[in-house]
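For reference, the structure discussed in these notes is given below.
The values are calculated or read from the model by the stated rules, or taken from the named source; none is laboratory data. Note that the structure is a prediction, hence the values are computed from the model and not measured. Every residue, glycine among them, receives a Cβ derived from its backbone with ideal geometry; neighbour counts consider all protein chains shown.
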Amino acid sequence: MTAHSVKDMAQALSAHAEGDLSIVFKGVAEPAEASTDDLALAMAAEFVASIPDGAALAAIVPVGTDWQAAGLKAAIFVDRPRLAMAGLTGFLSQSAGARPSIHPSAIIDPTASIGANCSVGPYSVIGARVQIGENSVIGSHVSIEDGAVIGADAVLQSGARIGRNVQIGARFFAHSGVVIGSDGFSFVTPEPSVAEKARKSLGKDSSETPVDQDWLKIHSLGGVIIGNNVEVGANSCIDAGTVRATRIGEGTKIDDLVQVAHNVVVGTNCLLCGHVGIAGSAQLGNNVVLGGQVGVGDNITIGDQVVAGGGSKILSNVPKGRAVLGYPATKMAGYIQSYKALRRLPRLMRDFDALQKSVSNKRDTD
Amino acid sequence: MTAHSVKDMAQALSAHAEGDLSIVFKGVAEPAEASTDDLALAMAAEFVASIPDGAALAAIVPVGTDWQAAGLKAAIFVDRPRLAMAGLTGFLSQSAGARPSIHPSAIIDPTASIGANCSVGPYSVIGARVQIGENSVIGSHVSIEDGAVIGADAVLQSGARIGRNVQIGARFFAHSGVVIGSDGFSFVTPEPSVAEKARKSLGKDSSETPVDQDWLKIHSLGGVIIGNNVEVGANSCIDAGTVRATRIGEGTKIDDLVQVAHNVVVGTNCLLCGHVGIAGSAQLGNNVVLGGQVGVGDNITIGDQVVAGGGSKILSNVPKGRAVLGYPATKMAGYIQSYKALRRLPRLMRDFDALQKSVSNKRDTD
Amino acid sequence: MTAHSVKDMAQALSAHAEGDLSIVFKGVAEPAEASTDDLALAMAAEFVASIPDGAALAAIVPVGTDWQAAGLKAAIFVDRPRLAMAGLTGFLSQSAGARPSIHPSAIIDPTASIGANCSVGPYSVIGARVQIGENSVIGSHVSIEDGAVIGADAVLQSGARIGRNVQIGARFFAHSGVVIGSDGFSFVTPEPSVAEKARKSLGKDSSETPVDQDWLKIHSLGGVIIGNNVEVGANSCIDAGTVRATRIGEGTKIDDLVQVAHNVVVGTNCLLCGHVGIAGSAQLGNNVVLGGQVGVGDNITIGDQVVAGGGSKILSNVPKGRAVLGYPATKMAGYIQSYKALRRLPRLMRDFDALQKSVSNKRDTD
């Protein structure tokens, strides 16, 4: 990390600072582990007490902290710790920035249009008629197939894969191994399949012997459309739609190893955590937050501002604003009650047996 | 999309058509959004009503539809909508087809055998003694390790990884990021491990203090054998077997981000949806359908035509033809009953307490 | 496989052998399928009986087996079958070993330091100041970003991605598609978000209308630190920490498609099976075993020697030595009792209704 002054950091955070603002730090650290070269991160009140255990001269502290009592020479004051972390880490992760360059080993089709100030890393392959906006940074081993369109200020890390028929807005960030625009998983049997029958009868009807049938592929003509400011984590997959496009709304952030299946529509500013799977043709509103390993069934509709706790399996529609949990996902508060009751169920069963016997004995002796 | 006539499409679907079959369309669309250049997709009865909301001249409609009343100039009649979608999307996704070519940057071992009319994309690497059947299309950045065998008409999209000791039938389709033939996850400790003990005692015995032991790797000698007509989705992994091969039967389709572990045997014409995980040495019959995020425990046997709903965790054997759901997975109908009951459990507990009190009060007052 | 003598194999396993130790085998097989060229694997007693069904001259058998009665010419005796498998597969998977070489198409920054006897495959890209220890084998299409440090005897298979700010010990094994050091999934809204509110109120409070807010990224400055003897399966992701590093302890083994999120600390000799997801800032002790598709919530602490059954979702801290199962994960034995009771719950409800009616009828008739 390059050295920065307390003054520079305070300005980057638009935060008030006091003391010797010319103090320079070379790193950031938790208070107890900070050296004299570190800016101590004591944004939460419980960390202020441990500032004297380290050697930091300067710290970021909550508004109202008595920084001189904590032994500091300078302090920066913040209100909302996680928000300050966004500013701080953004400021410190700005690299001096290599000059943009197209590596000579990159293979770029002559009909592709690469904006000004773009970098393309070694061994990347960019197909015919691809458009990439200015200031974009394409890592090594990236492939972008014929006709894909990507907005300005994109970052595509090494090994990201962008398919044909994909349109992406500005400031897109794709981590390594991302696959956008792969075929949807959509197959059909000539006659109704075992899965169709089970779904219809909820598993009640197994009388008929299903015939072994081949699966015919429903191809994906629809592509993917992604709004501005979207980030997609490592090895996540967004599949192409069948007729219309699979869509990801502006500002939505997607973690690692997530699947968004064909025809899905995800609204704006959603968060999809690790291993989330959204099955075909499901629709998510805006500001939806799905915790890790959440599953959403096909053709499900989820309203705005829904929050699903980690591991929830959403098998029916969820109205706007609801917080859900469980498998199948139900209202969070109800689910917590139910599973607490479940843990007491073996005991209830014993108590019930006893009561039943006692009532029946009583009757016998009456 | 290139332009097609209604007549051509009807022929491709082997479907009856009426009206002006020379009408040409350049795209397909849902009825309400169709322009005069689109073929409207109104295969399901509920879509026929909205044909007049759009501008389509021609549509695909259910058998028996009064197409003239819907304002159409021509109509194609189909019976089973999803089946028609397979034919339609297959017909429209046929590309004019670039001429097959081996990119000069592809590194192909001189002992490899590449069939006639194959394409190999830029920066792909094909090892010693590899065999690839005719008409196959290998994308960019693909690696195929020494000795792997792949049948005719294969498609390997960019960044697919095929390991040593892998044999694959005809018409294989691997999406980007697929890894076939990686080592199985198989380790052993010199003395019985914490996991072995917990499994044996079902967690009841924690008296003994386990010793910290190193895990020794059981290497994978067995490879992978895959039948004809198999498709594997983006970033999915099929691990090599230990002594015998991991096997995927003919016609099986695998979605994105699926893991098939070492020694697993998957039958013919199965569907494994996104994030499915099948642990070591499990066996699946034919025509098995596993919904998204289903897990199958190691050494489990699953019969033919079993259907498991999304999120099911299969921890014990499942007989042929059964539909299951839940964690642990049980008969679908029983599971639905149980979880409905679970939601009423907190209330039952209150009612039980009341009844218990009332019985005991009654006794006191008798 | 090259040919080996029974004597060589016995020595490799440090095992006692009897009979004609000069017998040579070219493969290994299950007893019933073994040819005269195979060493039969009959380590478990139940396999000894089927030795005569095959044609093997030699076999690995449990200590105490009457090998001559089984029709063998030679036998190797072992105690713990899986442990013998580790030795056997390790011995047989030793390849003659191509001579180490740096492929001319590999792009290695002049400031990188590559140890003696390393191989680097075609089209791999190694950045500035990278250090790789001796005897390492880097496959094709691998990328290692500026400043990463990897110990001796590493294996990085094709398409593995190592980010900046990553330090890895000796004997690291990364399968294809692994992504180490990608950004953590950490975002914040200017005002409290729907997720923060739902978490605080456990979903009880949905009165306030949340405002649509943008997510600001908290960048990852902390990198990843990995101990010696760690293996990471295909397409798994270990994300960089925010301020301090994400850490994986010595001897830990990670399966395919696993996510270890930012700031997580995993102890020594843990096993993380396929699709495991560990959310931000969780801490795992030593010798922890997490079955397939297990999820661990953010900021959770898990003690040493904890074992979690497949599919468990761990939403609260787990003390040392406990075996857990379920969603939410609870003590394994208790969970099994609870779900057995759950299956009988619909019946209990009917019985309860009957009892309630009978008590109330009785009262009416008293």
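The figures follow:
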| read-out | value |
| --- | --- |
| Qualifying residue in region A:67-75 (condition: surrounded by 15 or more Cβ atoms within 10 Å (Cβ to Cβ) and within 14 Å of chain C (Cβ to nearest Cβ)) | no |
| Top-ranked residue in region B:295-309 [being of a type in the set (A, V, I, L, M, F, W, C) and outside any strand (DSSP E or B); ranked as farthest from A:Tyr327 (Cα to Cα)] | B:Ile300 |
| Residue check for A:Asp256: in contact with a strand residue (DSSP E or B) (Cβ under 8 Å, 6 or more places away or on another chain) and of a type outside the set (A, V, I, L, M) | yes |
| Tally of residues being assigned to a loop (DSSP other than H, G, I, E, B) and modelled with pLDDT of 75 or more across region A:194-223 | 8 |
| Residue check for B:Ser14: among the hydroxyl-bearing types (Ser, Thr, Tyr), touching a Lys or Arg at 6+ places or on another chain (Cβ under 7 Å) and either part of a strand (DSSP E or B) or over 17 Å from A:Gly222 (Cβ atoms) (or both) | no |
| Set B:Ser22, B:Ser14: member being under 34 Å from the mean Cα position of the chain (by Cα) and of a type in the set (Gly, Ala, Ser) | B:Ser14 |
| When residues of region B:237-276 are limited to those that are within 13 Å of chain A (Cβ to nearest Cβ) and touching a residue at least 60 places away in the same chain (Cβ under 8 Å), the one nearest to B:Gly292 (Cα to Cα) | B:Asp256 |
| A:Gly71 vs. criteria out of contact with any Asp or Glu (no Cβ under 9 Å at 6 or more places or on another chain) and without any contact (Cβ under 8 Å) to a residue 24 or more places away in the chain | yes |
| Enumeration of residues in region C:111-143 that are within 27 Å of the chain's Cα centre (by Cα), outside any strand (DSSP E or B) and not charged (D, E, K, R) | C:Cys118, C:Gly121, C:Ser124, C:Val130, C:Gly133, C:Asn135, C:Ser136, C:Gly139, C:Ser140, C:His141, C:Val142 |
| Where C:Pro104 falls short, out of the listed (1) touching a residue at least 60 places away in the same chain (Cβ under 8 Å); (2) more than 8 Å from chain B (Cβ to nearest Cβ) | (1) |
| In region B:156-202, the residues that are facing another protein chain (nearest Cβ under 7 Å), touching a residue at least 24 places away in the same chain (Cβ under 8 Å) and under 21 Å from C:Asn286 (Cβ atoms) | B:Phe185, B:Phe187, B:Val188, B:Pro190 |
| Region B:325-352, residues that are surrounded by 18 or more Cβ atoms within 10 Å (Cβ to Cβ) and either part of a loop (DSSP other than H, G, I, E, B) or acidic (Asp, Glu) (or both) | B:Gly326, B:Tyr327, B:Pro328, B:Ala329 |
| Region A:310-324 - residue that is in a loop (DSSP other than H, G, I, E, B) and facing chain C (nearest Cβ under 8 Å) and, of those, surrounded by the most Cβ atoms within 10 Å (Cβ to Cβ) | A:Gly311 |
| Among (1) within 22 Å of the chain's Cα centre (by Cα); (2) crowded, with 24+ Cβ neighbours inside 10 Å; (3) closer than 18 Å to B:Arg247 by Cα - the single one B:Gly177 does not satisfy | (3) |
| Options B:Ser316, B:Ser338: the member that is hydroxyl-bearing (Ser, Thr, Tyr), in contact with a Pro (Cβ under 8 Å, 6 or more places away or on another chain) and closer than 30 Å to A:Ala354 by Cβ | B:Ser338 |
| Residue within region C:262-271 that is assigned to a loop (DSSP other than H, G, I, E, B), hydroxyl-bearing (Ser, Thr, Tyr) and farther than 26 Å from B:Val179 by Cα present | yes |
| Selection count where residues are within 14 Å of chain C (Cβ to nearest Cβ) and either touching a residue at least 24 places away in the same chain (Cβ under 8 Å) or in a loop (DSSP other than H, G, I, E, B) (or both), scope region A:47-66 | 4 |
| Boolean, C:Asn299 is surrounded by fewer than 23 Cβ atoms within 10 Å (Cβ to Cβ) and either touching a residue at least 60 places away in the same chain (Cβ under 8 Å) or within 23 Å of B:Ser186 (Cβ to Cβ) (or both) | no |
| Residues of region B:237-282 satisfying the condition of being under 13 Å from A:Phe185 (Cα atoms) and of a type in the set (Ser, Thr, Tyr) | B:Thr252 |
| Region A:76-101, subset at the interface with another protein chain (Cβ under 9 Å from one of its Cβ atoms) and among the charged types (D, E, K, R), residue surrounded by the fewest Cβ atoms within 10 Å (Cβ to Cβ) | A:Arg80 |
| Criterion: in contact with an Asp or Glu (Cβ under 7 Å, 6 or more places away or on another chain) and part of a loop (DSSP other than H, G, I, E, B) - qualifying residue of B:Gly274, B:Gly292 | B:Gly274 |
| Boolean, C:Ala44 is touching a residue at least 12 places away in the same chain (Cβ under 8 Å), exposed (fewer than 14 other Cβ atoms within 10 Å of the Cβ) and under 29 Å from the mean Cα position of the chain (by Cα) | yes |
| Where A:Glu231 falls short, out of the listed (1) touching a Lys or Arg at 6+ places or on another chain (Cβ under 8 Å); (2) within 11 Å of chain B (Cβ to nearest Cβ); (3) acidic (Asp, Glu) | (2) |
| Checking B:Ile144 against (1) surrounded by 16 or more Cβ atoms within 10 Å (Cβ to Cβ); (2) touching a His at 6+ places or on another chain (Cβ under 6 Å), the condition it does not meet | (2) |
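Rundown of residues vs (1) touching a strand residue (DSSP E or B) at 6+ places or on another chain (Cβ under 7 Å); (2) hydrophobic (A, V, I, L, M, F, W, C); (3) at pLDDT below 95, yes/no style:
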position	(1), (2), (3)
C:Pro110	no, no, no
C:Ile126	yes, yes, no
C:Arg129	no, no, no
C:Gly133	yes, no, no
C:Ser140	yes, no, no
C:Ala160	yes, yes, no
